[in-house]
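Input: a single structure, listed below in structure tokens.
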Amino acid sequence: MNFKKYTLEIVTFLCGAIVMVFELVGSRVLGPYFGTSTFVWTSLIGIILGSLSLGYYFGGRLADKKPNINYLASIILASAISIFISIFIKRSLLNYLQYTIADAKIAATIAASILFSPASILLGMVSPYTVRLKIEHLSNSGVTVGNLYAISTAGSIIGTFLAGFYLIPNYGTNKLLFMMVILLIIISLSLSLKNLFKTRILLLSAAILGLFMFNEFGNIAKKISLVDVDTAYNRILIYNTKDQATGKMVKRMGINNENHSSMFLDNSSFLVNEYTKYYHLAKHFNPDFKKTLMLGGAGYSFPKNFLTTYPDATMDVIEIDPKITELAKKYFNLKDDPRLTIYHEDGRVYLNQTTKKYDIIFGDAFSSHYSIPYQLTTIEAVQKKYNLLNDNGTVVLNLISAIDGDNGKFLRAEYATYKKIFPQVFLFPITKPSNGTEIQNIILVATKSAIKPSLTSQSQQTNAQLSHLWKKEVAEDIPILTDNFAPVDYYINNSL
């Protein structure tokens, strides 16, 4: 192939691919701070599409005035500089926006505008510029435009699959941003340098620089004992810190900037997070349980404790992200056990397809109050749980919400949904059991049996937990959640 002849086509293809990789990486940049709800995706996609439109507009006007390949090289170099700047300001900017702007929609839109708009505008200028440089005669202008936009779209498609299936899970956010910077610099200088020897030196220097930067990031992470991993589903941070309640050192797993699991360094099976201790209410409501299911694994804090506490019971855990399980085995002392079976798939898919029966279904997939897997909240999902339970079966579910007011819309919707299927539903607020306006962990217990259970126990610890029972009326002002209508992102956004 004559690469010189097809230089502009190659540039168009590569820039099309970079745009889509940039957008998908953007979701990982925003996710740890604002979640991965539809609001965040809407902000990101909307800002990038708007920026690309501006780029098409300005690129076409500039190309007509100054149809010179050196200007195209400068535009591409400027896009590299924009991405490079965003790498170093993103953490400070996102921290600032997270704590100063309560509305996640507004915060995510501002963040996307600052971090992703400049580079997207510049990358959007590339296609009309290459079209102008490629057109030689009006008689074939339609073919030229069609070919270049088809090539750009093909690049976008390949970039999408490459980023989603390979690059993000294997290289992570920062490395990919640096890769884009280096690739854009190479493209820019290759367009402006005619000397092949200089181009080869440039390529070699860029490769060495890239390897150096990647190694430096790895060395920094090791020095501060930080694991920072991007997977196909999440961004995961693992670090050691001091537990405020006990003063002991704990290892925490943060998923998308939220604490999902904690483990005492001196006792890996002891529960750190208070809400996880309330899962033991299952023993009170269904004392003879044997087979259990847990939706959500993370660091497997409760499954480890469960295996120690109930030697005659088994647990199946549904964890969508296999990398999380791998990290739990490496850093959270998760051991293989014949009584523990782990399935790596979406929780709703498992509920739809399994034929197993359970005595208890635990839920810990709603720990985020930025974004919630809505497919597990709906009446169809609740009905699946009901069908999988044995006659005296019980659901024990962790939620983060208030009960009253706008901050409690999600809780009231989920409560109404469970009440539609289960004869008895109880709420146990963890932090402030009498305060309905407080956003906190709330344990929802739903029993398949219509027989009213005792709400006292001979166990002092269980009695203390049962005393957190919410005895006030729960308002019936929010409709049940369905697969067709489950605006949980909207409900939880009111609580931010």
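So which residues in region 226-243 are under 18 Å from Lys175 (Cβ atoms) and either in contact with a His (Cβ under 8 Å, 6 or more places away or on another chain) or surrounded by fewer than 16 Cβ atoms within 10 Å (Cβ to Cβ) (or both)?
Those that are under 18 Å from Lys175 (Cβ atoms) and either in contact with a His (Cβ under 8 Å, 6 or more places away or on another chain) or surrounded by fewer than 16 Cβ atoms within 10 Å (Cβ to Cβ) (or both): Leu226, Ala232.
Is it fair to say Ser188 is out of contact with any Asp or Glu (no Cβ under 9 Å at 6 or more places or on another chain), in a helix (DSSP H, G or I), at pLDDT 80 or above and not aliphatic (A, V, I, L, M)?
Taking the combined requirement at face value, the residue satisfies it.
Quick one: in region 401-431, which of the residues that are more than 19 Å from Lys472 (Cβ to Cβ) and not polar (S, T, N, Q) is farthest from the chain's Cα centre (by Cα)?
Pro423
Condition check: among the hydrophobic types (A, V, I, L, M, F, W, C), surrounded by 16 or more Cβ atoms within 10 Å (Cβ to Cβ), in contact (Cβ under 8 Å) with a residue 24 or more places away in the chain and part of a helix (DSSP H, G or I). Does Leu411 satisfy that?
The answer is yes for Leu411.
Find the helices (runs of 4 or more DSSP H) located wholly in region 64-153 whose residues include 2 or more that are free of Cβ contacts under 8 Å to residues at least 40 places away in the same chain and of a type outside the set (Phe, Trp, Tyr), and list them.
In region 64-153, the matching helices (runs of 4 or more DSSP H) lie at 69-100, 104-124.
Regarding Leu397, is this residue more than 16 Å from Glu473 (Cβ to Cβ), in the same structural domain as Pro487 (by TED's automatic domain parsing) and either assigned to a loop (DSSP other than H, G, I, E, B) or at pLDDT 90 or above (or both)?
yes
Report yes if some residue within region 292-300 is in the same structural domain as Ile372 (by TED's automatic domain parsing), among the aromatic types (Phe, Trp, Tyr) and either more than 24 Å from Asn234 (Cα to Cα) or more than 24 Å from the chain's Cα centre (by Cα) (or both); otherwise report no.
Checked region 292-300: no residue is in the same structural domain as Ile372 (by TED's automatic domain parsing), among the aromatic types (Phe, Trp, Tyr) and either more than 24 Å from Asn234 (Cα to Cα) or more than 24 Å from the chain's Cα centre (by Cα) (or both).
Tally the residues that are buried (at least 20 other Cβ atoms within 10 Å of the Cβ) and not in a strand (DSSP E or B), restricting the search to region 440-454.
Total meeting the criteria: 1.
Sort through Val317, Val349 and tell me the only one that's assigned by TED's automatic domain parsing to the domain that holds Pro287, of a type outside the set (S, T, N, Q) and not in a helix (DSSP H, G or I).
Only one candidate qualifies: Val317.
Quick check: anything in region 292-300 among the aliphatic types (A, V, I, L, M), at positive phi, buried (at least 21 other Cβ atoms within 10 Å of the Cβ) and at pLDDT 80 or above?
yes
The values are calculated or read from the model by the stated rules, or taken from the named source; none is laboratory data. In this text the structure is predicted, and so the values were computed from the model without any measurement. Note that we place each Cβ from the backbone using ideal geometry, even for glycine, and neighbour counts take in every protein chain shown.
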